[in-house]
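Since the structure comes first, as structure tokens, the remarks are kept for the end.
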Amino acid sequence: MNYHKFDVVIVGAGGAGLMSAMQLAHNSSIAVISKLYPTRSHTGAAQGGVAAALGNQEEDNWKWHMFDTVKGGDYLVDQDAAAILTREAIDAVYELEHWGLPFNRTEDGKIDQRRFGGHSRNFGEGPVRRSCYAADRTGHMILQTMYQQSVKNQVRFFNEYMMLDLLINDGQACGVVALCLRDGSIHTFHAKAIVLATGGYGRAWRITSNALACTGDGMAVAYRRGIPLEDMEMYQFHPTGLYKVGILLSEAARGEGAYLLNSEGERFCVRYAPTMEELAPRDMVSRFIYDEIAAGRGIDGKDYVYLSVAHLGKEKIDAKLPDITDFARNYLGVEPYYEPVPIQPTAHYAMGGIPTDIEGRVVVDEHNTVLPGLYAAGEVACVSVHGANRLGTNSLVDLIVFGRRAGKHIAAKWLPEADFAPLPNAPDAFATEMVESLLARGKNGANGKNSQNGKGTGETQEALRADLRDSMMENVGVVRDEQRLTAQLARVVELKQRWRNLRLMDTSRTFNTELMEVVELGNLIECAEATVAGALARKESRGAHYRTDYPKRDDVNFLKHTLAYRTEHVGEPELRYKPVVITEFEPKERKY
Amino acid sequence: MPAETSTRVVQVKVKRYQPDQSAKPFWQEYRVEAEGNDRLLDVLNKIKWEQDGTLTYRRSCAHGVCGSDAMRVNGRNRLACKLLVNDLGARISVEPMLGFPVIRDLVVDMDPFFAKYEKIKPYLINDEPEPRTERQQSPEQRERYDETTKCILCGACTGSCPSVWANAEWVGPASIVNAHRFIFDSRDRGGAERLQILSDRTGVWRCRTIFNCSEACPRGIPVTDAIEEVKRAIMYGTTDIA
Ligand SMILES: Cc1cc2nc3c(=O)[nH]c(=O)nc-3n(C[C@H](O)[C@H](O)[C@H](O)COP(=O)(O)OP(=O)(O)OC[C@H]3O[C@@H](n4cnc5c(N)ncnc54)[C@H](O)[C@@H]3O)c2cc1C
Ligand code: SF4
Ligand code: FES
């Protein structure tokens, strides 16, 4: 057995994982495990910016930011957490600057700020400049800066190690088990504290802005070990993905003044949201687009509308939106200087995830009982600061604020008192069995029939992947209803069954990416199960969860968080609920 | 309007290395149906998912921002996710980048690359007390090092450089790009240290100004210019002249 022992093991090297690592690197032994080289993490794809009420361009106040976050999340946000998010955002952004992050600058040398959807001044009066940015590659700069700091602090990385399992013994988290891609070996990491920072699961949908690596591994691994997943039905579709490819065109475009146009050349958002127009929150703008298309006002009667930046002029486009306009050129052959860009809503962000408290500790029930030793931060976690709909630029803040809090809590509170919990017997048994059975199925065919190097019988991964992604798009998209969700739950059961019989073509132990993909696919299906079950039970419309059969928000019955627990019965997670923390903003109807 | 697409059959010739089976690399040809707008990465995925699961390469973001899938395509280092079938013709040859040890098929060992990157101290060095808010930097000062902040550490430049092929010790263009990013940042105080590192035997002077790196860079960074600026900074002992 390959055995490693560290005080803290952090799984994931995106913004959240590295931010945690930074708090711990000085005085404890830590390891960061990542299935990608750190700089390949999806944080690097974030474009628009990171929100903080610095007030560099005009008056701003973290309370306004907090209010926007709560309202944007359709009041499913835990307000104690939102207060921390927005207050600590300010120092966290300065800290990034001190580490060298190359923000764009104002004339007087401060961090430049721009508008973003749902961010307002004075509790909803009108848009405010709150997003701190570095052109349209803010996430790239954050990821690079944090990686640079990791190099400086000599953080120990296990790159291209994929976590397969989480170890819990005697009610305490005590380690993880990972596959080393390079040689197929299985490694057990024993630790006093584990931070899960593995990101989202957008790959469950056909049209998505998410990287191929965004497969919900952390959520699935925790879910299999009895940890609930919170509010998984709250999955955000970003309004402006490149038509058919899903690649994101940041809200920064609209923040800089871009329009959305229907087939009649009308700026339809103005009709739906007279105050915030194109800068209404994402769930709403995605529905506006959906409604326009349903009303036959998609371009050429098809399922897309236009995003137009041409009127901003070449100079502004090149200075503020260089990358995203390149995406339009590169992947659709459209020249945004002159032509409008075809866009459609794209699966983008998980508001839900592994439930945590404000210290980043994982909590496992409706009483917020802490699972000692286990932490989660970033998109994999649900604090919940995003509620039913995340505002643009609030994820990067989430990473740095709660990544930092998790790291600090481990350093200051947990490590001084904690001991290594003993590993369970045969700690790597589950992971080893998973890998061995997958590789054996490759050799022998799905049903034990002989096959030669993959040329046997049985289904390979592609059809399964396509079926998952297409059906999620169809049934659990911008708009949902009882019938579609019921159908999808049955689908999930079928997909799980088929996954168990998948056949691999590749049986090598050297860098077997097919093995990795098949494991990822299994993880996506687990995430889908929790998502669909939560959505089916939530008979209301709130934020990103919009049901045509229950089009109104129902605070009497559903102002609460879903907790989905995996059970023995496929397709039947147990659902429990916990109250939303409301401190100062009473739920109101959302108008923009 | 989105460019029209049409389905066609493309021939992809891949230089493969399957260490479990044979110590020798070999070429294998695949035929795939693809649309003009498909990325080369989509084509590779199609092969992997539908024909041959053993085909091995790295990828993640699929839109040119993560740096995973640098490879040699028709003789030049490119990101597979930034190339469209429309631009490639019906016959495509794909190989791992040169100058890197190959692990399997198109997957090369990036550890030596990152080790060289670490050598140039790729982080802001400044021990002065931090202000309560941000350090000031004018838009002009920020612009000074803008290009080199774009690097995604894909290795395409380094893998295209004959000086790297000839001498594995050389730090290579990517490291110098990242040194440049800090040397010309008005907030940084580590310029002299880095210039010292880059002026030795394995430093900037091995660059023969061949420009392969600039052509290879998928982020459009003028890599050779950046290297020249670093050379000048070493020669004149200051970053003001460069
Ligand atoms: C295109 C795009 C643009 C965006 N723009 C913005 C924006 O402008 N502002 C904003 O606030 N938010 C934005 N977001 C959202 C935000 O970028 C993400 O939510 C955030 O970066 C997630 O960070 P993370 O650290 O949680 O995870 P990630 O950055 O996704 O990192 C996950 C890490 O976990 C590792 N990992 C995953 N699974 C495993 C496993 N099984 N074993 C080992 N390691 C594993 C990966 O290797 C990776 O290192 C954007 C998102 C997208 C897709
Ligand atoms: S300079 Fe360009 S080619 Fe070289 S590593 Fe950076 S992004 Fe890649
Ligand atoms: S897959 Fe990320 S750069 Fe190509």
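The values are calculated or read from the model by the stated rules, or taken from the named source; none is laboratory data. Here the structure is a predicted model, which is why all the values come from computation and not from measurement. We place every Cβ from the backbone using ideal geometry, glycine too, and count neighbours over all the protein chains shown. Please note that ligands, DNA and RNA were not included when accessible areas were found on the heavy atoms of the full protein model with its side chains. Shrake-Rupley method; radii C 1.70, N 1.55, O 1.52, S 1.80 Å.
Considering only protein heavy atoms and a 1.4 Å probe, what is the carbon-and-sulfur percentage of the accessible area of chain B?
47
Which parts of the range A:94-113, residue by residue, lose 30 Å² or more of accessible area when the rest of the protein chains are there, as against the chain isolated (1.4 Å probe)?
With the partner chains in place, the range A:94-113 has these residues losing at least 30 Å²: A:Tyr94, A:Glu97, A:His98, A:Gly100, A:Pro102, A:Arg105, A:Glu107, A:Gly109.
Looking at the range A:386-429, what % of the alpha carbon pairs are farther apart than 11 Å?
Above the 11 Å cut-off, the range A:386-429 has 75 percent of its Cα pairs.
If the viscosity is 1.567 mPa s and the temperature 4 °C, what Stokes-Einstein diffusion coefficient in µm²/s follows for the range A:107-162 when Rh is the Kirkwood radius over Cα pairs?
Once the numbers are plugged in, D ends up at 91 µm²/s.
Using the eigenvalues of the Cα gyration tensor, what equivalent ellipsoid semi-axes result for chain A when each is taken as the square root of five times the eigenvalue, whole Å, largest first?
Calculated on Cα positions only, the semi-axes equal 35, 28, 24 Å.
Given a cut-off of 27 Å, what percent of all Cα-Cα pairs of the range A:440-592 lie beyond it?
38
Which of the cysteines in chain B are isolated, no other cysteine C-beta under 4.7 Å?
B:Cys81, B:Cys151, B:Cys154, B:Cys161, B:Cys207, B:Cys217
B plus A alone minus the pair: what accessible area, both sides summed, probe 1.4 Å, in Å² to 100?
5800
Within 10 Å of each Cβ of A:509-518, how many other protein chain Cβ atoms are there on average?
Average neighbour count from other chains, rounded to a whole number: 5.
Ignore the peptide's own chain and count Cβ atoms of other chains within 10 Å of each Cβ in A:157-163; give me the average, rounded.
That average works out to 1.
Can you sort A:Phe430, A:Phe327 by 1.4 Å-probe accessible area, starting with the largest?
In descending accessible area the options line up as A:Phe430, A:Phe327.
Among the lysines, which fall within straight-line cross-link reach of A:Lys588, defined as a Cα-Cα distance under 28 Å, with same-chain neighbours fewer than 8 residues apart omitted?
Straight-distance partners of A:Lys588: A:Lys63, A:Lys71, A:Lys539, A:Lys552, A:Lys560, A:Lys578.
Need the list of lysines near B:Lys13 for cross-linking: C-alpha distance under 30 angstrom, and skip anything on the same chain fewer than eight residues off.
Hits, sequence-local ones excluded: A:Lys35, A:Lys244, A:Lys443, A:Lys455, B:Lys24, B:Lys46, B:Lys48, B:Lys82.
Given a Förster radius of 30 Å and the C-beta distance between B:Ala23 and B:Glu50 as r, what FRET efficiency does 1/(1 + (r/R0)^6) yield to the nearest 0.05?
Efficiency for this residue pair is about 0.55.
Just from its helices, what would the mean residue ellipticity at 222 nm be for chain B, if runs of 4 or more DSSP H residues each count -39500 (n - 2.57) and the sum is divided by every residue, rounded to the nearest 500 deg cm²/dmol?
Calculated at 222 nm, the ellipticity per residue is -7500 deg cm²/dmol.
So how far apart, in nm, are the two label points at A:Ala310 and A:Arg271 if each is 7 Å from Cα heading toward Cβ?
The answer from the label model is 2.2 nm.
Label 7 Å along Cα→Cβ of B:Asp225; the range B:130-157 residues with amide nitrogen under 14 Å?
Residues B:143-150 qualify, since their backbone N sits under 14 Å from the label point.
Hand me the chymotrypsin sites (Phe, Trp or Tyr not before Pro) from the range A:95-128 located in a DSSP loop with no more than 16 other Cβ atoms within 10 Å, in residue order please.
Filter output for the range A:95-128: A:Phe123.
With the calculation restricted to Cα positions, what are the radius of gyration and Dmax of the range B:82-152 in angstrom?
Spelled out, the Cα radius of gyration and Dmax of the range B:82-152 are 20.0, 59 Å.
What order, most packed first, do the peptides A:372-384, B:125-137, A:511-523, B:14-26 have when packing is the mean number of other Cβ atoms within 10 Å of each residue?
Per-residue mean Cβ counts within 10 Å order the peptides as A:372-384, A:511-523, B:14-26, B:125-137.
Provide the per-residue ³J(HN,Hα) series for the range A:319-333, in order, calculated from phi with Karplus coefficients 6.51, -1.76, 1.60 and θ = phi - 60°, each as a whole number of Hz, with x at glycine and proline positions.
7, 9, 10, x, 5, 5, 5, 4, 4, 4, 4, 5, 9, 10, x
Taking loop as defined by DSSP and a crowding limit of 12 other beta carbons within 10 Å, which GluC sites (Glu not before Pro) in the range B:1-63 fit?
B:Glu4
Going highest first, how would you order A:23-29, A:537-543, A:391-397 by mean Cβ packing within 10 Å?
Put in order of decreasing packing, that is A:391-397, A:537-543, A:23-29.
How big is the range A:238-346 on each of its three principal axes, counting only the C-alpha atoms and giving the largest first in Å?
Taking the Cα atoms of the range A:238-346, the three principal extents are 33, 28, 22 Å.
Chain B: Rg/Rh from Cα coordinates, Kirkwood Rh?
A ratio of 1.04.
Within chain A, what whole-number % of the accessible surface is contributed by carbon and sulfur, with the 1.4 Å probe and all protein chains included in the calculation?
47
Charges only on Cβ, +1 for Lys and Arg, -1 for Asp and Glu: so what's the dipole of the protein assembly as shown about the Cα centre, in debye to the nearest 20?
1580
Over the range A:238-346, average the accessible area per residue using a 1.4 Å probe and give it in Å², no decimals.
For the range A:238-346, the per-residue accessible area is 34 Å².
With bins 10 Å wide starting at 0, give me the P(r) of the range A:33-148 over every alpha carbon pair, in whole percents.
Calculated over all Cα pairs of the range A:33-148, the distribution is 14, 42, 33, 10, 1 percent.
I want to verify the translational diffusion coefficient of the range B:111-236 in µm²/s; compute it with Stokes-Einstein, Rh as the Kirkwood radius over Cα pairs, at 25 °C and 0.890 mPa s.
Estimated via Stokes-Einstein, D reaches 165 µm²/s.
For peptide A:419-429, how many partner chain Cβ atoms fall within 10 Å of a residue's Cβ, on average?
Per residue, the average neighbour count from other chains is 0.
At R0 = 51 Å, how high is the FRET efficiency between B:Glu140 and A:Ser28 if r is their beta carbon distance? Nearest 0.05 is fine.
The pair B:Glu140/A:Ser28 has a calculated efficiency of 0.75.
In nm, give the distance between the simple-model label positions of A:Asp419 and B:Trp165, each being 7 Å from the Cα along the Cα-to-Cβ direction.
Roughly 6.1 nm, to one decimal.
Out of all DSSP beta bridges in the protein assembly as shown, what portion is antiparallel? Express it as a percent rounded to 5.
Here the share of antiparallel DSSP bridges comes out near 70 percent.
With a point put 7 Å past each Cα toward its Cβ, work out how far A:Thr583 is from B:Glu128 in nm, to one decimal.
If labels sit at A:Thr583 and B:Glu128, their model points lie 3.6 nm apart.
Suppose R0 equals 35 Å; then what is the FRET efficiency for B:Arg232 and A:Thr106 from their Cβ-Cβ distance, rounded to the nearest 0.05?
0.70
What does the helix-only formula give at 222 nm for chain A: each DSSP H stretch with n ≥ 4 adding -39500 (n - 2.57), the total divided by the residues, and the result rounded to the nearest 500 deg cm²/dmol?
Helices in chain A give a 222 nm mean residue ellipticity of -10000 deg cm²/dmol.
Assuming a viscosity of 0.890 mPa s and a temperature of 25 °C, what translational diffusion coefficient in µm² per second does Stokes-Einstein assign to the range B:163-236, Rh being the Kirkwood radius over Cα pairs?
Roughly 197 µm²/s, to the nearest whole number.
Once amide H atoms are placed 1.01 Å from N in the peptide plane, what residues at a sequence separation of 5 or more from A:Ile354, or on another chain, have their amide H within under 5 Å of its amide H?
A:Glu230, A:Ala381, A:Cys382
Taking the range A:470-549 as the region of interest, what is the percent of Cα-Cα pairs per 10 angstrom bin, listed from the shortest bin to the one with the maximum distance?
Calculated P(r), rounded to whole percents: 17, 42, 24, 13, 4, 0.
Counting just the Cα atoms, what span does the range B:7-108 cover along each of its three principal axes? Round to the nearest Å and put the largest first.
37, 27, 23
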